[in-house]
Amino acid sequence: MRIISETGKFDVPYEHAVVTCDGTMIYVSVGNRQWMFVQYSDPELAQKAMDMLHNAYAEEYITFRFPSEEDFRGDKHGEA
């Protein structure tokens, strides 16, 4: 499975990544490189995103993109 940052700037293989939730931020490390994939205003949203990632992997999704805070709140602007 590929995991994609909220902005789409980073895209890495989940099978080679270490994903860490630290409060409101989710970091992904591959080898000696680390990126912040998303930051939320509330630790509960970060944990919910981690749960979504785990479910996507268990259900054998091909890709998972971390949702934005607006996605969680239903404030998508012009996205299908």
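The values are calculated or read from the model by the stated rules, or taken from the named source; none is laboratory data. If you're wondering where the values come from, they're calculated on a predicted model, not measured in any experiment. No Cβ is skipped: glycine too gets one built from the backbone with ideal geometry, and neighbour counts run over all protein chains shown. Just the protein is used for accessible areas: all its heavy atoms, side chains included, with ligands, DNA and RNA removed. Shrake-Rupley method; radii C 1.70, N 1.55, O 1.52, S 1.80 Å.
Might you tell me the accessible area per residue for the chain, computed with a 1.4 Å probe and given in Å²?
It amounts to 65 Å² per residue over the chain.
Would you mind getting me the FRET efficiency between M1 and S41? Use the beta-carbon distance for r and R0 = 25 Å, nearest 0.05.
Given R0 = 25 Å and the Cβ-Cβ separation, E is 0.40.
In cubic angstrom, how much convex hull volume per residue do the alpha carbon atoms of the chain span?
In the chain, the Cα hull volume divided by residue count equals 90 Å³.
Where is the GNM fluctuation largest for the chain (alpha-carbon springs, 10 angstrom cutoff): E59, E69, E44?
Answer for the Gaussian network model of the chain: E59.
Enter the angle in degrees (range 0 to 90, nearest 10) between the Cα long axis of helix 43-58 and the first principal axis of the Cα atoms of the chain, meaning the one along which they spread out most.
60
If you roll a 1.4 Å probe over segment 1-62 with all protein chains in place, what percent of the accessible area is carbon or sulfur?
49
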